[in-house]
Structure formats: C-alpha cells, structure tokens
Amino acid sequence: MKLLSPVRIGQMELKNRVVMPAMHLGYCKDGFVTNKLIEFYRARARGGVGLIIVGGCTIDDQGYGNMIKIDDDKYIPGLAELVNAVHEEGGKIAAQLFQPGRYSYSFLMGIQPVAPSPIPSKLTRQMPRELTTDEVKDIVNSFGRSAVRAKKAGFDTVEVIGSAGYLVSQFLSPVTNRRQDEYGGHFENRMRFGLEVAQNIREAVGPDYPVMFRVGGNDFMPGGNTNREIAVFCKRLEEAGVDAFNVTGGWHETAVPQITMAAPRGAFAYLARGVKEAVNVPVIACNRINDPILAEEILANDMADLVGMARAMIADQDLVNKAAEGRFAEIRKCIGCNQGCLDAVFTMKPVGCLVNAGAGRELEDVFRPAAQIKKVLVVGGGPGGMEAARVAAERGHSVTLWEKGNRLGGQLNIAAEPPGRSEFATFVEYLSSELYRLGVAVELGKEANENNIKAFGPDAVVMATGAAPVTPPIDGVGSPNVCQAWDVLGGKSATGRRVVIIGGGAVGCEAALMLAGKGVINAETFHFLALNNAESWETLKELATRGIKDITVIEMQKTVGADIGVSSRWVILQEMQRFGVKMLTGAKAKKINDKGVILDVAGKEEIIEADTILLAVGSQSVSELSERIKESFPEVYMVGDAVAPRKALDAVHQGYLAGKVL
C-alpha cells in the first residue's frame, strides 16, 4: 500500500503517510502536559501512526483552559516527556501552534478576544477587540518564540493552524478583516500576517527544521476565500519556507457540515488536490477519512501525498498496524457521531469515544486476561450488550449473547435509518464481526426469562435489555392511525402522506428526516441530471429535498432536538428545515382522532390534520427481569438503557466496563 510507504517532509522522514492531526482533548491542567495526555499519544504511536500532531498549543494568553500551552519555557519539560514517549514507540511528533483570535472566550480566559477587526463570531457570540499594528507584530513574534520552544522540547516539526476560522484565517478573509493598515485591504495585505508568521518561524528554527501549515481548503463562508485563494496563499507560504500543507475543510461557524457523519467519507479531499496542484511540497488530505482503503484510494488518485486521520485514531489507536497486517475487518472505524469528542469539547469535558470506550483511559486502563474463565450470558444485542460480550470474550471468557429480535444492533439500527446517519450501522458491523471472530455464541430470536437463564447456568449475567418506547396518556392514542416512531424507523409500520410526529427529541427528528427523504432523487440521479443540464439548479435542489410526505413535528418544549449533541444538533435541524419539515414548539397534544391531532398552543386549541400520527415522547427501561434474577446469580450487571434511557455512548461505555470487571 502506498499508505504504508515512507515520505519526507523537509528533512524529516516518516515511516508511512498516515498523519494524526491535532485535536483538542481537554486532558491538560493549567497548560501543562499530563500523564493522561502522554499515554493517549503513546498508544497511537505504538499503533503505527507516521506523524502525530498535538495541540493546539497556545502561543499566548488566548485559548482555552485545558489546552496545552507553549508560551513559556516552564512548559518545555512536560512537552519533552510527551515527545520522548512518542519517540520511544517509533513515531514522529509535531506541535501545532495555536492562536484563536475571535474564537476565544472571555469568560474562560478572563480577557477579551482579539481579532483583525471587531467583528463578532456566531460561534462564540463574543465581541473581539481589534489588534493594533504593534500587537499584530508581537503575535507574529510569539509564533516564532513558541516554535523555538517546540524545537527545544524535541518536537520533529511544528504546524501553524491557519484553518477553521482561527486568527490566521481571520486575517486572510475579507469577512473578518476590515483593517486599513498593511495587514488589511486587498488579498496581498490580508496574506501578510500568515506569511510573516511563516517567515518568523523559519528564521527562528533555522533552515533545516520542518515547518507545516494547516489551512482550510475553502472557508465555506459567504464572501470568504475559496480553494483558489487558498491555493495562492499556500504557494506564497511555500516560498516563505513552509515544507508541507495540512488541508482541512471550512470554518467552525460554516453552515456546511465538516466532520459529522452527514459529510460523506473523504468529501473534502478535493480541497487538498486544489492545493497540491499549486505547490511542490507534500500535501495532507483530511476530514472524514476513517478507513485505510479510502485513504489508499485518495493517495492512489494523487489527490494528496499523505492523509490525516484524527478521530479515526481516537476510535482505533491500532488502525495503522491492523492495516499493515491485513486485519481490515478488525479496524474500529470512527462513525462521525461526535458524541464522545466534539460534544465533549463544547461542554468542557475531556474527550472520549462512542466506539472506543478505552480512549482517554490509557493511563489506568490495563486490559488484562481473565484470571478465571467464566460462563457469561449477555441478554440483549444492542450496543451495550454487544460491547460487553466483545470485551468479555476478548479477555477469555466463554460468552453467549441472546437477542430477542432478528438482528443485532438494537437502537443503533433505528438511528442509522435517516439520511446522513448511516454510519451508526458501521459500528454494528464492527461489533458483529468481532463477536464472530472472538467466538461469541449469538442466538437471535431468543427471549430471556427466569427459567431459561437458570437452565443455561451462567456464572455471570449482563443484562442489556434496553428500553421500550413510552405511550403517552393522550385521548385517542390507541387509534389505528397511531404508531410508535421506533416502529416506522425499524420498518415495521408504514405511514400515510400527512404525518404528525408527537415529540421533537432525537427519535422524533430522526423519524422526520427519514420520512422526508421518501421520494427525493438520489445522488446518482442528481449527478446525472446536473451533468446533462437536464434541470435548473433550483429545480435540482427541490427534487433533492422535497419528498412525497407532509411532515410536522410538535414539541412541548421551546426547542426541538434538545437531547441531540451540540455538534450535531444544528446539522439535523438544518436538514429538517431544508427538507421542508414543519416544527411547532410549545405545543401539547390533547387528543387524537381520525382526522389528526388536536393541540393546545399557548392556551388555544388547534388541529393538524394527519393520516398517520407517530409517537416519539421518550422511552423507559426494560429492567423487570434484571431485578428478578439478581438473587439467583452471584454476578448480575445492568448496562445501557436497562439502567436508564441514555445515549449510545453511555451504553457502550457501561458495556465495556462490565466486560472488564467480569
């Protein structure tokens, strides 16, 4: 595989073309490297990654509280420990130099954010202070001083973050740069800040030390820079001494999904190609590359010279080694759910992972074989039960899993149904494959009860019996035109043309999106019609977003999708609006009849006519059996929704921990 072949960045040789880009992990305290951070990256280096980029490493007093800092010499010893850990495992490591500009938060750092111009961000809703010309030059020097610290700490290279809407991006873009001095105005002046940063670093670290730049291949901001301008910028950076470019997508506040599962795998590799065609140094393609086969295709098609796989390395630290050994089915792919990573970052929590419960636990998480082999019964084939079975079998136990349905996956199968959410099925495929590889005896269509559990005679039982949808006490809820949203998502029930969904949480939104996609043209048809100019662009968009159903979601609360993770919620709501789903908040369903739903909206009665009414008002644990068998067996563990309705992340982590303690 070309993916596994060596490549040079300046004077640095990498053993393969897999790069782990920088991610905010929240593992640091007061800017100092922690053992948790060291062991996290040690595991990835041991897993075979060619280059690890850590950061952002803040170069001054702007940033976020639990980030790595590199603005003072006192941080060098800890940074050196991190570098040594990666080097001990045969990897190379870079420090990403970070200055957020208007993306900083005053309530976190105690100071007002700074920017090229006083233009607030929709992301942070902070008003930045405009930098003086002298302050701009001071920041340029701060980049150079921080690069020297990185070199002293032993980092193999440094990378400047000039992407995602951070300070370099803000200077480059006419959207955020309205300055009247030499750093503002026409494109040549707007490039000046980034070019001076590159030149300052090059002078500070010397001619032979590799310098990289991370750029957004397209701002995806109205009035912002496109791939054409970014390619010109990169050419000028190359002339200033930059040795490689790491090309990602747009800004954090763009309306174009960047890293959620709504973005197709490898969707932004074309941006790397645009930069590669303009420069003569290595280019890295990034965003939603979670599979070494896809990565190999990007390289084989000459779209880039290396590939960035960030969250893919959270999901499976051994991805590269598994690919090298041909163990592709054993690779645990990132599904782009963001539940453990981006959602954690936005809520100021340390990063974890839905599909890899061990991520972030490397320091204390020693995976030991079972001291005593047990006969383990797992009841329930949802994500929590499957993960418990996988871990228990990996540790050497004899494991049997009973699932009363006809397939594994539980609610993940439902979650995978709406357009843009199919990656949930990827995790089901991985777990199913692992259960087979590890010899777990899976019995489908097997419903557990006290008698057959006792007859089986397990040493330990993991109860992952999940949850059932709630039926609300609404007059007429038993009518033939009413069914559960779960049943529609699971393909058990059909709907008429006019559909009202009672409940605007995650399940209600997922059902709305799935139904909204009925009757729209698929991607292949869209491509065909567009290439042949068969329809106008507006007609094409309408054909792709207007299906055959009229859908209304009603929600008692003030907002729809309140239980969806912050990094994904806006994408789902944007898609619902795009597909014409009507959303009515502050509305309570009072009665259902054969004509539709009668609502109470701010004390006034309204009726929405419907052919089908879906219920999506929550779920309740199925735990009665668990309580009954506790006295009969020495070890009974409850995981996932059997404990309380929760997210898939929680269910998987509970299953993982249960499998570890058996």
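Got a sec? Charge dipole of the chain, +1 on Cβ for Lys and Arg, -1 for Asp and Glu; which of M221, A530, M514 is way out at the positive end?
Selected residue: M514.
Compute the distance in nm between two label points, each set 7 Å from the Cα along the Cα-to-Cβ direction, one at E130 and one at V661.
Each label point lies 7 Å from its Cα, and together they span 5.9 nm.
So if I take the centroid of the Cα atoms in the range 191-218 and the same for the range 472-532, what is the distance between those two points in Å?
Here the answer is 50 Å between Cα centres.
Working out 0.36 nm times the residue gap between Q577 and L108, then minus their Cα-Cα distance, what length gain in nm do you get to one decimal?
165.5 nm
Hey, what's the Cα Rg ratio for the chain versus the globular rule of thumb, 2.2 N^0.38 Å? The partial results should precede the final answer.
Values: Rg = 26.5 Å, N = 662, 2.2 N^0.38 = 26.0 Å.
Scaled against compact globular proteins, the figure is 1.02.
For the range 2-346, what is the relative contact order in percent, using Cα pairs closer than 8 Å and at least 6 residues apart in sequence?
16 percent
Show that you can apply the helix-only estimate: for the chain, add -39,500 (n - 2.57) for every DSSP H stretch of four or more residues, divide by all residues, and state [θ] at 222 nm to the nearest 500.
Result for the chain, helices only: -10000 deg cm²/dmol.
Provide the net charge surrounding F424, with neighbours chosen by a C-beta distance below 11 Å and charges set as Lys +1, Arg +1, Asp -1, Glu -1.
Details: positive: R421; negative: E417, E423, E429, E510.
In short, -3.
If I fit a long axis through the Cα atoms of helix 76-88 and take the longest principal axis of the Cα atoms of the chain, what angle between them do I get, 0 to 90°, rounded to 10?
With both axes taken from Cα atoms, the answer is about 70 degrees.
Convert 37 °C to kelvin, take the viscosity as 0.692 mPa s, use the Kirkwood radius over C-alpha pairs of the range 1-157 as Rh, and evaluate the Stokes-Einstein diffusion coefficient in µm²/s, rounded to a whole number.
199 µm²/s
On a straight-distance basis, which aspartates and glutamates could pair with K518 in a cross-link, Cα separation under 15 angstrom, same-chain partners fewer than 8 positions away excluded?
Counting by Cα, and skipping residues close in sequence, K518 has these aspartates and glutamates nearby: E417, E510, E542, D550, E575.
Can you give the FRET efficiency for V477 and N406, using 1/(1 + (r/R0)^6), R0 = 25 Å, r = Cβ-Cβ distance, to the nearest 0.05?
Values: r = 27 Å, r/R0 = 1.10.
Efficiency at R0 = 25 Å is approximately 0.35.
Go through the range 62-72 residue by residue and turn each phi into a ³J(HN,Hα) via Karplus (6.51, -1.76, 1.60, θ = phi - 60°); whole Hz please, and just put x for glycine and proline.
With the stated coefficients, the range 62-72 comes to 9, x, 9, x, 9, 8, 6, 10, 9, 8, 8 Hz.
Which log10 I(q)/I(0) values does the range 482-617 give at q = 0.09, 0.13, 0.14 Å⁻¹ under the Debye formula, counting every alpha carbon as one identical point scatterer?
-0.29, -0.58, -0.65
Given the C-alpha centroids of the range 622-639 and the range 253-304, what is the distance between them in whole angstrom?
So the two Cα centres are separated by 48 Å.
If you place +1 on the Cβ of every Lys and Arg, -1 on the Cβ of every Asp and Glu, and leave all else neutral, what size is the dipole of the chain about its Cα centre, to the nearest 20 Debye?
With Lys and Arg at +1 and Asp and Glu at -1, about 340 debye.
Where does helix 506-516 land angle-wise versus the long Cα axis of the chain, in degrees 0 to 90, nearest 10?
The helix 506-516 is inclined about 90 degrees to the chain.
Quick check on the range 260-332: what does the Kirkwood estimate of hydrodynamic radius come out to from the alpha carbon pairs, in Å? Can you show the working numbers first?
On the way: mean 1/r = 0.0789 Å⁻¹.
Kirkwood hydrodynamic radius for the range 260-332: 12.7 Å.
For the range 316-393, with the dipole built from +1 on Lys and Arg beta-carbon atoms and -1 on Asp and Glu ones, taken about the Cα centre, which of L342, F367, V320 lies farthest toward the positive end?
F367
If R0 is 25 Å, what FRET efficiency do you get for M556 and K492 from their C-beta distance, rounded to 0.05?
Numbers: r = 26 Å, r/R0 = 1.04.
FRET efficiency, M556 to K492: 0.45.
Taking the Cα centre of the range 482-617 as origin, sum charge times position over the Cβ atoms of Lys and Arg (+1) and Asp and Glu (-1), and report the length of that vector in debye to the nearest 20.
240 debye
To make sure I understand the rule: partners must be lysines, Cα under 20 Å from the Cα of K588, and not fewer than 8 residues away in the same chain. Which ones qualify?
Straight-distance partners of K588: K558, K604.
Calculate, in whole percent, how much of the Cα-Cα pair population of the range 23-96 lies beyond 21 Å. Numbers along the way, then the final one.
On the way: 490 of 2701 pairs.
Taking all Cα-Cα pairs of the range 23-96, the fraction more than 21 Å apart is 18 percent.
Straight-line reach from K152: which aspartates and glutamates have Cα under 17 Å away, leaving out those fewer than 8 places along the same chain?
D71, D72, D73, E81, E203, D208
Which of the pairs K29/K235; K375/K404; K29/K92; K235/K541; K36/K122; K404/K660 have their Cα atoms more than 31 Å apart in this structure?
K29/K235; K235/K541; K36/K122
We did not get these values from a lab; they are worked out from the coordinates using the rules stated. Just so it is clear, the structure is predicted and the values come from calculations on it, not from any experiment. Glycine gets a Cβ as well: all are built from the backbone with ideal geometry, and neighbour counts include every protein chain shown.
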